[in-house]
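Quick note: the coordinates plus some simple rules give every number you see, no bench work behind them. In this text, all values refer to a predicted model and were calculated from it rather than measured experimentally. When we count neighbours, we look across all protein chains shown, and the Cβ atoms used for this are built from the backbone with ideal geometry, even at glycine.
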Amino acid sequence: MPEPAAGGRERIGFVGLGAMGRGMARNLLRAGHALTVFDLSRAAVDALVTDGAQAADGPAAVAAWCDRLFLCLPFAPQVREVLLGPGGVASAARAGLAVIDTTTLLQSDAVDIAGAADQAGLRYNDCPVSGMPMRAESGTLTVMFGGTDADFADARPLLDVIGADVIHCGPVGSGQLMKAVNNVVYDINIAAVCEILPLAVKAGLDPETVTAVLTSGSARSFAGDHFLPRILDRRFAGDFSLRSAWKDVVNLQQAAVRTGAMTPLTAAMSGIYQTAIAQGHGDEPKSAMVKVYEAVLGLEVHRDGSESG
């Protein structure tokens with residue numbers, strides 16, 4: 001086991017420095033932890049090195065050095081490759097290395113990966129986060145941990161560095177299910193905003209007035225606060241894409257099948273979600289669902305109150 005860093009701080013490894021990972025990694029560094037990082041993007045690594053992190057040439061090099069490892073990767077294939085593939089974490093880690101995986105996965109994938117990691121001598125916990133890149137940077141994420149009480153207590157001091165609301169959701173896999181529950185409710189809110197805004201404008205209401213009411217009245221939600229101004233400014237970039245976020249819908253659909261639950265609102269939302277992807281908006285944010293409704297009405301909603309199309 002590596003010697004503790006100066007002052008008793010842990011040596012932390014971090015693999016995956018994308019939109020969410022870089023903010024979490026930077027906050028661990030700011031908290032005084034020695035940090036070694038790896039990402040396929042050299043620019044992402046260099047940005048953290050500038051802040052004081054060490055660079056590694058691959059997951060194995062990170063694992064050989066660290067006391068605890070964070071992951072923030074695109075999806076399950078990348079997690080499996082990083083942990084268990086050639087040159088991966090398991091090839092160099094000390095026995096029992098704790099892995100905190102903030103990647104958003106299907107619940108079934110998290111459980112399968114945890115079993116394979118255990119056989120490889122790793123202690124794996126799923127720990128997805130919610131809050132978008134701005135809250136990753138500020139250290140105010142909602143953190144949803146899946147694992148035992150003991151693992152949660154062990155990880156809690158570091159989770160408090162990256163999150164303002166740190167919640168133990170249950171055994172491994174529960175973090176992923178909880179994130180799906182949260183995000184599907186959020187997606188339903190976004191779909192509602194995207195459906196109603198073009199209708200309101202077509203019926204004669206000013207879009208900025210609609211936005212003022214929907215962001216202050218009883219319909220107020222984070223979805224409206226965040227996306228309505230962006231729709232009015234025609235900003236369809238800078239947030240997670242429809243295609244990347246689809247995994248949350250699949251996660252909840254699988255849970256619905258497993259439990260026999262009725263999910264009519266989720267079904268309606270997922271239908272328009274898929275239509276937006278099919279119409280070529282898969283690389284745009286969830287707010288691009290508005291374009292499906294705009295096309296039906298023959299307009300585009302703009303901040304100045306005009307409608308073009």
Shape call, region 6-170: gyration tensor on alpha carbons, a/c limit 1.5: rounded
What FRET efficiency, computed as 1/(1 + (r/R0)^6) with R0 = 45 Å and r the Cβ-Cβ distance, is obtained for Val250 and Arg30, rounded to the nearest 0.05? 0.80
Determine which aspartates and glutamates satisfy two conditions relative to Lys202: a Cα distance under 12 Å, and not lying fewer than 8 residues away in the same chain. Glu294, Glu300, Glu307
Calculate, in whole percent, how much of the Cα-Cα pair population of region 176-245 lies beyond 14 Å. 62 percent
Any idea how far apart Asp51 and Asp283 come out in nm if each label point goes 7 Å out from Cα toward Cβ? 2.7 nm
Starting from the exponent 0.38 and prefactor 2.2 Å, build the expected Rg for the chain from its residue count and divide its actual Cα Rg by it. 1.08
Beta bridges per DSSP with both ends in the chain, % antiparallel, nearest 5: 20 percent
For a test of the definition: using alpha carbon positions, the gyration tensor, and the 1.5 limit on a/c, classify region 1-103 as rounded, prolate or oblate. oblate
Local charge sum around Lys286 (other residues, Cβ-Cβ under 11 Å, Lys/Arg +1, Asp/Glu -1)? -2
So for the pair Val257, Ala219, with labels modelled 7 Å out along Cα→Cβ, what separation do we get in nm? 3.4 nm
Taking a cut-off of 22 Å between Cα atoms, list the lysines near Lys179, but don't count ones fewer than 8 places away on the same chain. Lys247, Lys286
By how many nm would the segment from Gln119 to Ala164 grow when fully extended, if each residue of separation counts as 0.36 nm and the alpha-carbon distance is taken off? 12.9 nm
Contour minus end-to-end for Ala237 and Phe75, with contour as 0.36 nm per residue of separation and end-to-end as the Cα-Cα distance? 56.2 nm
Rounded to whole Hz and in sequence order, give me ³J(HN,Hα) for region 21-38 from the Karplus expression 6.51 cos²θ - 1.76 cosθ + 1.60, θ = phi - 60°, writing x for Gly and Pro. x, 5, x, 4, 4, 5, 5, 5, 5, 4, 6, x, 7, 5, 10, 10, 10, 8
Distance between region 39-69 and region 215-236 - C-alpha centres, whole angstrom: 37 Å
Burial ranking of peptide ranges 114-125, 85-96, 11-22 (average Cβ count within 10 Å, highest at the top): 11-22, 114-125, 85-96
With no solvent and one equal point scatterer placed on each C-alpha of region 191-300, evaluate the Debye formula and give log10 I(q)/I(0) for q = 0.13, 0.19 Å⁻¹, two decimals. -0.51, -1.02
